[in-house]
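Quick note: the coordinates plus some simple rules give every number you see, no bench work behind them. All values reported here derive from a predicted model rather than from experimental measurement. Quick reminder, even Gly has a Cβ in these numbers, built from the backbone with ideal geometry, and neighbours come from all protein chains shown.
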Amino acid sequence: MNPALGWGTTTFLLLLAAVVCHGHVERQEQWEEVPQLGESRFGSLWPLPQNVVISPVAFMLRSSSFQIVHSAESSAGPGCSILQSAFRRYFEYMFGYTKNQGGNTKKGQDSEVTELQVWITSADSECDAYPSVTSDESCDYSALCCYMFLLYSYTPLLLLGLETFSQLVYEDQYGAKKINKTDVQDFPRFAHRGLLLDSSRHFLPVKVILANLEAMAMNKYNVFHWHIVDDNSFPYESTVFPDLSRKGAYHPYTHIYTPTDVKMVIEFARMRGIRVISEFDTPGHTQSWGKGQMDLLTSCYSGENPTGSFGPVNPILNSTYDFMAKFFKEVSLVFPDTYIHLGGDEVDFTCWKSNPDIQAFMQEHGFDKDFKKLESYYIQKLLDIVGSTKKGYMIWQEVFDNGVKLKPDTVVEVWMGSNYQEELQNVTAAGFSTILSAPWYLDYISYGQDWQRYYKVEPLAFKGTDAQKKLVIGGEACLWGEYVDATNLTPRLWPRASAVAERLWSNQNVTDVGDAYNRLTQHRCRMVARGIPAEPLFVGYCDQEYKGL
Amino acid sequence: THTHWILFMFLLTLQRVAPGGEAGVWPMPRKMSEGSERYALHPQGFSFRYGRDSSAQLGCSVLDAAFRRYFALCFPENTVETDRLSVSAGHGELTANTVWGALRGESHFRDLIIRLSRNLFLKIEDFPRFQYRGILLDTSRHFLPVRTILKTLDVMAYNKFNVLHWHVVDDPSFPYQSQSFPDLSNKGAFHPQSHVYTQADIRKMVSHARLRGIRIIPEFDSPGHTQSWGKGQPGLLTPCYKGLHPSGTFGPVNPTLSTNYNFMGRLLKEVSTLFPDPYIHLGGDEVDFSCWKSNPDVRMFMKKMGFGTDYGKLGSLYFKNMMNIIETLNKTSVVWQDVFDYHSSPKSLDVVEVWKAGCYMCEVRRVTAAGVRVILASPWYLDQPGPTHEWSRFYTVRPLAFTGTEHQKRLLIGGEVCLWGEYVDGTNLAPLLWPRASAAAERLWSDEAQTSSVSQAYPRLAAFRCKLLRRGVQAQPLFVGHCKHEYEDL
């Protein structure tokens, strides 16, 4: 029994537990451990805040009288659009679309919370700013009788506090909204909590991206890593090089992201405290670039003759670097984030090897037969180009592995499944910041409760000094697009990505899978009620099943 | 007798257009000849008509509804043509023994819309390989909203599936709302109002399915898999014992009480009137004998009946009684293979569904050798893990590759795709089902020799999947690529 929750909620949870206990599973042989569904003393909070004390004292919330307001001391006011739209969003999440419930109920029966006061404590509210990796993300808030304070130092974090607040609201047995007196002090364990979506292997309509940004906010993700182009298609519409998408997209009109689309995605994300980091992966993974940009890619040869096929970006031509300079100048203006992801993974050397011009260039530069040196040559020039746009850069781990000289603020993304601990150790020993995605490739699906596998990862379990561990700034869940498009992306992503979200947000000692299962089951139902088709964890039901389709 | 020919014609306004339309005929018809010329169809000039000599005429509910449905599918948005080039009129005709054949032929006509043959006549020569082409949906482990089921029926029709095997109830919940025993869902459903199927819901589903040529076979699985039944029907389940005392938990249906057979009789009578199909699925899988063994009353009964310690005999007795009930209802019963395996006179069974992994062909051989009809499900368990690129796994099944006589092969009446519900609800059902179930659909419909190549099937299935997207079906991609019209919802 959880005394911290109203008894109405407690009975509801017990009913849920009783039903599911009987659901024994058969017909299945492969099978992960299935926890018993019960109730968590933390209700449905996800990800779990750093410090939370839920008291048994409950208050009413009435949609007719409840308001979210700016406190008098706050540096933000009604002119802060990011907060105003968040107020409306969370009001709707909490009260749904049933308005004026209990409009004529007598007041004073129960203590009632009528106001949520929002207080931005820092002098600059940053209402119009774009979130950055260095944002101060600690905050605390507590529930009191009659009104409630949120104390924050920074606007995007306040959005996350609203999310937590909305997660504390529950329905009692009569359908009335309630919240318990609760004290929360919260801050994320890692600053970079990212999600990678791939819009090249399949085109993802903007609507799907926006819906997943909504879901990310519900899970306190703060980085959308947009793997926007790749071999298969080039859906990014460039204003400087319009041929790239005209010829490289699956379709030049229906399967592209126009500048307006991109702006919309960025603004939609900003309103939810989410950064958008674009990835333009080179020199490999660039087949689609070649269609709209002549001579960008290396001609592959068979013996003395070109085969007609193309390899990675041609690193020996000045025209390549002129193009990259112009292109990344545009990208740096379109995407306001201080980081750009430059890719650099999986460069296939066979085409370079086959090309006589490249062979000659290698000899000239004394690279001998070491194509890693050629790759480094390219990347270093590219990094200088991007560096001149005043952006920081992120790269996949191969660039580091190949010994390319990197700026000290470079972030290395560790993605290779084998020995990622060792890689983290090496990258941080060299003094670079790093983000981990290797254990969180969500496109690999298996039967059963694989969320547990993602949940049990400990990102800092590698050998290293405290200083090294501090260099791990976060992690990313990756959903690559080979088998994923709008039809299956959302249910495949959620709530599996929620498991990663808690690992990146909550305290290191939050490792109880059973407790996580109880909270996550309710969290997934909450996402479903908010219109996100998050798939079930196991047998059971939600009060409100998915209404779409 | 095959004299009930149905004939109807469709009038076309034909216009020569450039070749290069999408392929995507799925499942592959028996005979399909394609001319090199392409013709356009105009919504203003096109209509479905009943042939003069057809035994079906205006007022045939199934075809009237199908005409409207397929007209809408042929012309998704009513495009107005302003300038027409060399227009000529033509017509096609479709002949079938029954309306059901017409429906599936029509499904093909939709597929062949830009591929009329040279002489402007479209002749469908097609027939299914197996008469039973089913999909199992499980509404007990998760509740599936009625809308989700109706939508699935639509897509089943596009794939020429003709049976929905509805695993209505099971251990976790009892969503079937019974008129005679309302407590079953009042107490056994996840929620007594929002998570139940009312009689009206079921009538709507049955009618929706009928108009698409789909049978609905309900499964009321017993004596195991019945935990949810026990909540609303006291005395139905066997109390398990720990030593001399009841442990408070319950096992399978108590087979020793005649009151339980009375209950089953009344429930199945209600079910048999609600579901017009001649088949009822009685389940019978995975009966755990340990609870029966623990119960002193059951042990006493075993002794009285002279069953010794063979609890299979008790299971047999239960099924003999259940089959008697089904017989009085004039229905045919389907059971899971477990019943065949433990039954003392397996030859008395009507239809056996083979579901276990391992050597399923061995089981098919045994069951058909006993002269009993078989539905094969083992190779089409969609919820089982496997490589992501796995539709080919469901495609390369060879259902008749067991050693047996011609007669035995004829006893394999078809197959079934099973999507069990442990991890499936309305949020993810459609992409998990389609187009993987389409792979099985072709195996069950088409000629195996013509459709043995995965690489040849791949582009056709990819095009068919795009066609499904165009019809608003949330069918997941086979691999990297795109469709002209992507899925736009969530």
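Using a 10 Å cut-off on Cβ atoms, rank the peptides B:254-262, B:137-145 from the highest mean neighbour count down.
B:137-145, B:254-262
Quick one: what do you get for the range B:266-419 if you divide its Cα Rg by 2.2 N^0.38 Å?
That ratio works out to 1.17.
By counting other Cβ atoms within 10 Å of each Cβ, how are A:ILE54, B:ILE375 ranked from fewest to most?
Fewest-to-most Cβ neighbours within 10 Å comes out as A:ILE54, B:ILE375.
Would you kindly calculate the mean projected area, averaged across all directions, of the convex hull enclosing the Cα atoms of the range A:205-252, in square nanometres?
For the range A:205-252, the mean projected area of the Cα convex hull comes to 4.0 nm².
How crowded by other chains is B:139-145, given as the mean number of beta carbons from other chains within 10 Å of each beta carbon?
Average per residue, whole number: 4.
If the reach is capped at under 21 angstrom between alpha carbons, list the lysines near A:LYS177, excluding any in the same chain fewer than eight residues apart.
A:LYS99, A:LYS106, A:LYS107
Over the range A:394-538, how many percent of alpha carbon pairs lie in each 10 Å bin up to the one with the longest distance?
11, 37, 31, 17, 3
Could you grab the relative contact order for the range A:493-545? Cα pairs under 8 Å, six or more apart, rounded to a whole percent.
Reported as a whole number, the value is 43 percent.
For every helix of n ≥ 4 consecutive DSSP H residues, a contribution of -39,500 (n - 2.57) applies; sum these over the protein assembly as shown, divide by its total residues, and give [θ] at 222 nm rounded to the nearest 500 deg cm²/dmol.
-10500 deg cm²/dmol
Please list 3J(HN,Hα) in residue order for the range A:115-121, calculated via the Karplus relation 6.51 cos²θ - 1.76 cosθ + 1.60 where θ = phi - 60°; whole Hz, with x for glycine and proline.
8, 10, 8, 10, 10, 8, 8
Two decimals is fine: what's Rg over Rh for chain A, C-alpha atoms, Kirkwood radius as Rh?
1.01
Exceeding 23 Å between C-alpha atoms, which entries from my cross-link table qualify? They are A:LYS207/A:LYS326; A:LYS390/A:LYS469; A:LYS220/A:LYS456; A:LYS207/B:LYS160.
A:LYS207/A:LYS326; A:LYS390/A:LYS469; A:LYS207/B:LYS160, as the Cα separations exceed 23 Å there.
Provide the descending list of Cα extents for the range B:379-442 along its principal axes, expressed in whole angstroms.
44, 21, 18
Would you list which aspartates and glutamates come within 17 Å of A:LYS407, measuring only between C-alpha atoms, while excluding same-chain residues fewer than 8 positions from it?
Excluding near neighbours in sequence, the set is A:GLU375, A:ASP384, A:GLU398.
When you look at the Cβ of every residue in A:476-488, what mean number of other chain Cβ atoms sits within 10 Å?
For this peptide, the per-residue mean of nearby foreign Cβ atoms is 5.
Other chains near A:490-500: what is the mean number of their Cβ atoms within 10 Å of each residue's Cβ?
Per residue, the number of nearby Cβ atoms from other chains is 2 on average.
Give me B:TRP292, B:TRP26, B:TRP355 ranked fewest to most by other Cβ atoms within 10 Å of their Cβ, as a rough exposure proxy.
Ascending number of Cβ neighbours within 10 Å: B:TRP355, B:TRP292, B:TRP26.
Within the set of other residues whose C-beta is less than 11 Å from the C-beta of A:ALA76, count the net charge using Lys and Arg as +1 and Asp and Glu as -1.
-4
With θ set to phi - 60° and the Karplus curve 6.51 cos²θ - 1.76 cosθ + 1.60, what are the ³J(HN,Hα) couplings of the range A:518-526 in order, to the nearest whole Hz, using x for Gly and Pro?
Each residue of the range A:518-526 in turn: 4, 6, 5, 4, 6, 4, 5, 5, 5 Hz.
Using a cut-off of 18 Å between alpha-carbon atoms, which aspartates and glutamates can reach A:LYS291, once sequence neighbours fewer than 8 places away in the same chain are excluded?
Cα-Cα hits under 18 Å: A:ASP230, A:ASP231, A:GLU237, A:ASP243, A:ASP281, A:ASP322.
With only Lys, Arg, Asp and Glu charged, each at its Cβ (+1 for the first two, -1 for the last two), find how big the charge dipole of the protein assembly as shown is about the Cα centre; round to the nearest 20 debye.
Dipole size: approximately 3220 debye.
What are the ³J(HN,Hα) couplings of the range A:217-232, residue after residue, when phi is run through the Karplus curve with 6.51, -1.76, 1.60 and θ = phi - 60°? Round to Hz, x for glycine and proline.
4, 5, 10, 6, 6, 10, 9, 9, 8, 9, 7, 7, 10, 6, 3, 6
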